[in-house]
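Reviewing the structure listed below.
The values are calculated or read from the model by the stated rules, or taken from the named source; none is laboratory data. Note that the structure is a prediction, hence the values are computed from the model and not measured. With ideal geometry, Cβ positions are generated from the backbone for all residues, glycine too; neighbour counts draw on all protein chains shown.
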Amino acid sequence: MTGRRLVHSTDRGGGRGPDDGVVRVFRERGGRAGRVVTVIRGVGAGETAPILAELRRFCAAGGASKDGAIELQGDHRDRVAAWLRARGHRVMLAGA
C-alpha cells in the first residue's frame, strides 16, 4: 500500500472547512424539512458566540452554533456577508 494517496473522501471532518482565514457564508436546505438556513463557517472558535448573538439581533432571526458553524434561520447570506465584511472578515459566498 505504499505510494498510494487518498483521492476522495466523504468525511467532512466534523463540519469544519478549510482553515484559510476566509469566512464562508452559504445557504442550506437539506435535512431541515425544506426550511432554509444560512450557515457561516470559518469564524474563530472564540468568536462564534458573540458573532452569533449579534447576527441574531441584526437579522431578527433565530440561530444556533453547531460543530463550530453558525446557523441562522432563513436566507440572510447577503446581509451576513456585508455585516462580516464591515467588521474586517474576508468573506466568500459559497453554494447556490
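Kindly indicate the residue of segment 62-96 that is among the acidic types (Asp, Glu) and within 12 Å of the chain's Cα centre (by Cα) and also surrounded by the fewest Cβ atoms within 10 Å (Cβ to Cβ) among those meeting that condition.
Asp67
Which residues, counting only those in segment 29-43, are loosely packed, with under 14 Cβ neighbours inside 10 Å and among the small types (Gly, Ala, Ser)?
Step one: of segment 29-43, the residues loosely packed, with under 14 Cβ neighbours inside 10 Å are 29-35.
Within segment 29-43, Gly30, Gly31, Ala33, Gly34 qualify.
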Q. Going by the structure shown, is Leu55 over 21 Å from Gly34 (Cβ atoms) and touching a residue at least 60 places away in the same chain (Cβ under 8 Å)?
A. no
Q: Looking only at segment 20-28, decide whether some residue is among the charged types (D, E, K, R), out of contact with any Asp or Glu (no Cβ under 7 Å at 6 or more places or on another chain) and at pLDDT 85 or above.
A: yes
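For residues that are among the polar types (S, T, N, Q) and not in a strand (DSSP E or B), tally how many sit in segment 35-71.
Within segment 35-71, the subset among the polar types (S, T, N, Q) is 38, 48, 65.
With not in a strand (DSSP E or B) added as a condition, the list becomes 48.
The total comes to 1.
Out of segment 72-88, which residues are in contact with a Phe, Trp or Tyr (Cβ under 9 Å, 6 or more places away or on another chain) and in a loop (DSSP other than H, G, I, E, B)? Steps first, please.
Our first condition is that a residue be in contact with a Phe, Trp or Tyr (Cβ under 9 Å, 6 or more places away or on another chain); within segment 72-88, this holds for 76-77, 79-80, 83.
Answer for segment 72-88, where residues must be in contact with a Phe, Trp or Tyr (Cβ under 9 Å, 6 or more places away or on another chain) and in a loop (DSSP other than H, G, I, E, B): just His76.
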Q.
Looking only at segment 58-96, how many residues end up being in contact (Cβ under 8 Å) with a residue 40 or more places away in the chain and not acidic (Asp, Glu)?
A. 15
